[in-house]
Every structure is written in C-alpha cells, then in structure tokens.
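Student: Take a look at the following structure, please.
Bear in mind that the values in this text are calculations on the coordinates, not laboratory data. This one's a predicted model, so the numbers in the text were calculated from it and none came from an experiment. So basically every Cβ, Gly included, is an ideal-geometry build from the backbone, and we count neighbours across all protein chains shown.
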Amino acid sequence: MKILALESATESCSVALLAGETVYARSQLAPREHAALLLPMVQEVLAESGLTLSTLDAIAFGRGPGSFTGVRIATGVTQGLAFAVDLPVLPVSTLAALAQGALRELGAQQVAAAIDARMGEVYWGLYRAQDGVMTLEGEEGVFTPALVPLPPGGGYTGYGSGWATYGDVLAGRCGITVHQGERFPQAEDLLPLAAAAWRAGMAVTAAEAQPVYLRDKVTHQR
C-alpha cells in the first residue's frame, strides 16, 4: 500500500508517505507558511522513497476541523495532485489524527482530543483505539471548554492544543488528570486512519474531497 498524506489544519504543517511498511515524513511548526511548505515536502518524501505520484494508491489529507485557511490549503493541494494523476482521495479527520498521535506517542488507548478553535472554543472529539486505529465515540464538535461532552468513563488522556489553552477547565469538566498540550495533528498519524479507510472502500474522487469546518460560519482565520 502506498499512500501520501498531507496535514495543515493547525500551526503544524506536515507530509508523510507510506510505502509498504516504511513511513517517510516531514513536519514543521510554521504558522502561515503552509502554502509554501506543502509541495516541497511532498517532493522530498517522494524523492526519498523513490516513488512518483502516479505510482501511489491514494492521497490522504486532514479534512478538518482546524484553521479555515489551513484546511483549505490541504484540501486544494490534495485535489490538485489527485486530479493530475487521477488518484482517489481519503479525507481524514484532524481530530482523529490528533488522537492517533497520542496512541503513537503515549500508547494512550482512550483520548480526549482538543484543538484550540480560538474565540473561546475547542474542536473536540473522544476516541478509543480499536486494532491500532482510533475510532470516534459520539460526534466531533466545537464547544466552549466548560461544555464539552463528557467521556463515557475514566482512563482518558487529554491531547492537543486545546489542552494547552484550556487545560484547567477541560480537566475540571472531564475529570482527566493526564493531558498533553502543544500537540498538533501530524501527517504520519493520518496514515493508519487512511489505510483503514482504504481497506473499507471509503476513498472518494478528488472532486468529492471536501473540508469539514464544524462551524457553520467561520469568522476567524489564523
């Protein structure tokens, strides 16, 4: 399986390529530079792997939620690449990728993923690991920290920039004592989720690949 993944929904910009069992990855914390960074990162991982776009099976991207501009950049670049070589696309939740990162980094099996959504809110999702892939419990949404949906039971790890900004409020609301802020979705964590979606037949055409903002009206851009 050969999948390219792009993620730029938050302050971090990253690209990763799965080639069989090997992952090639690039990541940089660079707000407002995503448009300039993504394509060079794509070229770097392709060159390192010895592959070309036309030899890939699919392209995955972080579909949001996240920064309005960042999500649009990842969507647009993915569509352009996929159209160019007629590849299917795998949209992946950035909250799910964030939770997948907690599994990879901390071994966390249950994750309360939170991305700082600005305007006093967080993008929020609760996830549980199943066969090495994070699965959503309930629904993703945008909430004020004091009103996020409660985890169904204990043992959750808080993870993501929302915990860096609103850790005290979220911990008090959810009873979560273990949390890591200053963590962002990474393209390499899109890959297990994208591979599972590929096996489940969930790929779409480039034209069908759409971002998910969660907010009905976006009034702030990073």
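Student: Could you work out which residue, out of Ala84, Ala187, Ala114, moves most in a Gaussian network model of the chain, that is, has the largest mean-square fluctuation with Cα springs under 10 Å?
Tutor: Ala84
Student: What is the sum of charges around Thr52, taking Lys and Arg as +1, Asp and Glu as -1, for the other residues whose C-beta is under 14 Å from the C-beta of Thr52?
Tutor: Values: positive: Lys2; negative: Glu44, Glu48, Asp57, Asp86.
With Lys, Arg at +1 and Asp, Glu at -1, the net is -3.
Student: Still on this structure: Per DSSP H run of n ≥ 4, the term is -39500 (n - 2.57); total these for the chain, divide by its residue number, and report the mean residue ellipticity at 222 nm rounded to 500 deg cm²/dmol.
Tutor: -11000 deg cm²/dmol
Student: Calculate the length of the line joining the C-alpha centroid of segment 103-122 to that of segment 153-222, in whole Å.
Tutor: 6
Student: About the Cα centre, and with charges only on the beta carbon of Lys, Arg (+1) and Asp, Glu (-1), how big is the dipole of the chain? Nearest 20 debye, please.
Tutor: That gives the chain a dipole magnitude of about 320 debye.
Student: Another question about this same structure. Go ahead and set up a Gaussian network model of the chain, Cα springs under 10 Å, then flag whichever of Ala96, Ala209, Ala194 fluctuates most.
Tutor: Of the options given, Ala209 has the highest mean-square fluctuation.
Student: Taking the simple approach of a point 7 Å from Cα along Cα-to-Cβ for both Thr22 and Ala36, what is their distance in nm?
Tutor: Between Thr22 and Ala36, the simple spin-label model gives 3.1 nm.
Student: Which net charge results for the neighbourhood of Val111, defined as the other residues with beta-carbon distances under 13 angstrom from its beta-carbon, given Lys and Arg at +1 and Asp and Glu at -1?
Tutor: On the way: positive: Arg104, Arg128, Arg183; negative: Glu105, Glu137, Glu140, Asp189.
Taking every Cβ under 13 Å from that of Val111, the sum is -1.
Student: Quick one: divide the alpha-carbon radius of gyration of the chain by 2.2 N^0.38 Å and tell me what you get.
Tutor: For the chain, the normalised Cα radius of gyration comes out at 0.96.
Student: Of Ser49, Ser93, Ser161, which has the largest mean-square fluctuation in a 10 Å C-alpha GNM of the chain?
Tutor: With Cα springs under 10 Å in the chain, the top fluctuation among Ser49, Ser93, Ser161 is at Ser49.
Student: With N denoting the number of residues in segment 1-118, provide Rg(C-alpha) divided by 2.2 N^0.38 Å, to two decimal places.
Tutor: For segment 1-118, the normalised Cα radius of gyration comes out at 1.02.
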